[in-house]
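Heads up: the structure comes next, in structure tokens.
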Amino acid sequence: MFKQLKIKYRTFLLTQKLKKENKTFDFNNFLFSKKNVLIIDEIIPEFNKDSGSRRLTEIIKLLLKNKVSVFLIADLKQYKYKSDYIQKFIDLGVNVYQPSIDKSGNLVTKEDFIKLVAPKMDMAWLHRPLIFSKFQSIVKSANPDIKLVFDMVDFHYIRLLREYELTKNESLKTEAEKFLKIELENCKIADTVIAISTTDKVLLKQHFNEEEKVVLISNIHQHLEKKPDFNSFENRKDMLFVGSFRHDPNIDAVKHLRQDVMPIVWQKLPEVEVNIVGSYFTEEINNLATNKFNVLGFVDDLNMFLNKTRLFVAPLRFGAGIKGKIGQSLEHSLPLVTTDVGAEGFEFGNQKNTMIANTAEDTAKKIIDLYTNITLWNAASDSCQTILQPFSLATTEAQILQIINV
């Protein structure tokens, strides 16, 4: 009861503030085209902080490039609807929902906004399972003819099940079963289901047999050509991990790296430092810091690290979908060591034996080999462009247009 009163009061304060600022809803402020897509996510995509946001941002850019108007909503509480990224998307040409008031002085909520714009939408692209589950009926009620797209982002059931198999925490098994039910119900309702990797697509088929509904749209990675200033093996040092610490697989991977892998590596390479970069650091991660294990926090521009580091490392022991950190390393021709889970969706070919390991001992061995062997390192670096070919902008653009034009 108290919580409801608190929300009501905060909403009242927001409405009064919007009235003072004269922030009124006006249809003329929004740009509609022949094709219009409504996108809903948990947050305004933070494209430099997490892989899912980066992928969605690139999808939005491709839609805009193809003259499709994009309407973006974040599932944030009205009085908490703030983000440093709102203006960035407005500058791109995206129609971004922000709280406002109507002519009668009433707050235009997210749900109100959907009801107002949905009749003009061709498609609703609902990003992540809980978002689809929460908003699909609101969207469909406002426009029965709209095409519903369920973007899985990753197969949450598989990610949670893998974590349960590692930890034996029964609550994770319960959570996994809950998500499987939600994801399968979403798949039945959706007109199109987007899987992020071939592995997720195959695993989904074991539970959902309408394969014709499922389309693969992975992360978007454009390999960067090696320029004359590309740092050679000899001019690089240390190791790098990148990830958002809102994501449990990243927390586990960094703990595993610090506690199980690096003690073995440091026996052979005592001078090597590891730089841990990412957003939303936890106290648990900060407590892992030492003079050789540098916990650096969020870095806006990773290029400096990617271009001077000798080896990227991502010992992910559970998760699902495509890992953006792997693609980012490959973009920069930076050799890496990861696990089968980390490598899912990528075809490493003859580099699999060099860059993929699944135990602490084997991970440490492959780190030492790549870190010290210039021939191995150069071959791994040269292979990155081929590995990334299926993730190019052109490939993804063709897949998106296929969905839009059906």
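Give me a count of the residues in the stretch 389-406 that are within 14 Å of S197 (Cβ to Cβ) and either touching a His at 6+ places or on another chain (Cβ under 6 Å) or among the polar types (S, T, N, Q) (or both).
Total meeting the criteria: 4.
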Any residue in the stretch 381-396 that's within 19 Å of R54 (Cα to Cα): show its pairings with residues that are among the acidic types (D, E) and surrounded by 14 or more Cβ atoms within 10 Å (Cβ to Cβ) at Cβ separation under 7 Å, as long as the two are six or more apart or on different chains.
-> L388/E331
For the stretch 262-278, does any single residue satisfy the condition of being small (G, A, S), surrounded by 14 or more Cβ atoms within 10 Å (Cβ to Cβ) and in contact with a Ser or Thr (Cβ under 6 Å, 6 or more places away or on another chain)?
-> yes
Which residues, taken from the stretch 185-218, are touching an Asp or Glu at 6+ places or on another chain (Cβ under 9 Å), closer than 16 Å to L401 by Cα and open to solvent by 40 Å² or more (accessible area, probe 1.4 Å)?
-> L216
Condition broken by K168, with the remaining ones in (1) under 23 Å from D340 (Cα atoms); (2) surrounded by 15 or more Cβ atoms within 10 Å (Cβ to Cβ); (3) basic (K, R) satisfied | (2)
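Any idea which of L316, L296, L334, L376 is within 22 Å of the chain's Cα centre (by Cα) and outside any loop (DSSP other than H, G, I, E, B)?
Numbers: L316 fails: outside any loop (DSSP other than H, G, I, E, B); L334 fails: outside any loop (DSSP other than H, G, I, E, B); L376 fails: within 22 Å of the chain's Cα centre (by Cα).
Being within 22 Å of the chain's Cα centre (by Cα) and outside any loop (DSSP other than H, G, I, E, B) holds for just one of L316, L296, L334, L376, which is L296.
Going by the structure shown, is K35 touching a helix residue (DSSP H, G or I) at 6+ places or on another chain (Cβ under 8 Å) and of a type in the set (K, R)?
Against the criterion (touching a helix residue (DSSP H, G or I) at 6+ places or on another chain (Cβ under 8 Å) and of a type in the set (K, R)), K35 qualifies.
Just for the stretch 59-86: of the residues that are among the aromatic types (F, W, Y) and within 17 Å of K17 (Cβ to Cβ), which one is least open to solvent (accessible area, probe 1.4 Å)? Give the derivation first.
Step one: list which residues in the stretch 59-86 are among the aromatic types (F, W, Y), which gives 71, 79, 81, 85.
From the residues that got through so far, the ones that are within 17 Å of K17 (Cβ to Cβ) too are 79, 81.
Working: Y79: 45, Y81: 17 Å².
Here the residue is Y81.
Of everything in the stretch 286-314 that's of a type in the set (A, V, I, L, M) and out of contact with any helix residue (DSSP H, G or I) (no Cβ under 6 Å at 6 or more places or on another chain), which residue is nearest to R236 (Cα to Cα)? Lay out the reasoning, then the answer.
Filtering the stretch 286-314 down to residues of a type in the set (A, V, I, L, M) leaves 288-289, 295-296, 299, 302, 304, 306, 311, 313-314.
In the following step, the residues that additionally are out of contact with any helix residue (DSSP H, G or I) (no Cβ under 6 Å at 6 or more places or on another chain) were identified as 289, 296, 299, 302, 304, 306, 313.
Details: A289: 22, L296: 19, V299: 19, L302: 15, M304: 11, L306: 10, V313: 15 Å.
So, considering only residues that are of a type in the set (A, V, I, L, M) and out of contact with any helix residue (DSSP H, G or I) (no Cβ under 6 Å at 6 or more places or on another chain), the one nearest to R236 (Cα to Cα) is L306.
Any idea which residue in the stretch 337-360 is nearest to S51 (Cα to Cα), counting only those that are part of a helix (DSSP H, G or I) and open to solvent by 50 Å² or more (accessible area, probe 1.4 Å)?
Restricting attention to the stretch 337-360, the residues satisfying the condition of being part of a helix (DSSP H, G or I) are 340-343, 349-355, 360.
Pick out the ones that are also open to solvent by 50 Å² or more (accessible area, probe 1.4 Å) and you get 340, 350, 352-353.
Values: D340: 18, N350: 26, K352: 23, N353: 26 Å.
Only one residue fits best here, namely D340.
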Filtered residue count, the stretch 6-53, keeping only those that are modelled with pLDDT of 90 or more and of a type in the set (D, E, K, R) | 5
Given the structure, is V94 among the aliphatic types (A, V, I, L, M), open to solvent by less than 30 Å² (accessible area, probe 1.4 Å), in contact (Cβ under 8 Å) with a residue 40 or more places away in the chain and within 27 Å of I403 (Cβ to Cβ)?
-> no
How many residues are surrounded by fewer than 19 Cβ atoms within 10 Å (Cβ to Cβ) and touching a Lys or Arg at 6+ places or on another chain (Cβ under 9 Å) if we restrict to the stretch 295-316?
-> 3
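Please determine whether any residue of the stretch 146-162 is open to solvent by 10 Å² or more (accessible area, probe 1.4 Å) and more than 25 Å from K181 (Cβ to Cβ). Give the steps one after another, and end with the answer.
First pass over the stretch 146-162, keeping only residues open to solvent by 10 Å² or more (accessible area, probe 1.4 Å): 147, 153-154, 156-162.
Now restrict to residues that are more than 25 Å from K181 (Cβ to Cβ): none.
No, every residue in the stretch 146-162 fails to be open to solvent by 10 Å² or more (accessible area, probe 1.4 Å) and more than 25 Å from K181 (Cβ to Cβ).
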Restricting attention to the stretch 208-240, which residues are within 19 Å of the chain's Cα centre (by Cα) and part of a loop (DSSP other than H, G, I, E, B)?
-> I217, S218, N219, I220, H221, Q222, H223
How do the pairs read when you match residues in the stretch 241-268 that are at pLDDT 95 or above with residues anywhere that are hydroxyl-bearing (S, T, Y) and part of a helix (DSSP H, G or I), using Cβ under 6 Å and keeping only pairs 6 or more apart or on different chains?
-> V261/T363
Quick check: anything in the stretch 372-382 modelled with pLDDT of 95 or more and either in contact with a strand residue (DSSP E or B) (Cβ under 9 Å, 6 or more places away or on another chain) or under 30 Å from V149 (Cα atoms) (or both)?
-> yes
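Would you say T363 is modelled with pLDDT of 95 or more and open to solvent by 10 Å² or more (accessible area, probe 1.4 Å)?
No: the conditions fail for T363.
The values are calculated or read from the model by the stated rules, or taken from the named source; none is laboratory data. As the structure is a prediction and not an experimental result, all values here were calculated from the model. Glycine also receives a Cβ, built like all others from the backbone with ideal geometry; neighbour counts cover every protein chain displayed. Surface areas here come from the heavy atoms of the whole protein model, side chains and all, with no ligands, DNA or RNA. Shrake-Rupley method; radii C 1.70, N 1.55, O 1.52, S 1.80 Å.
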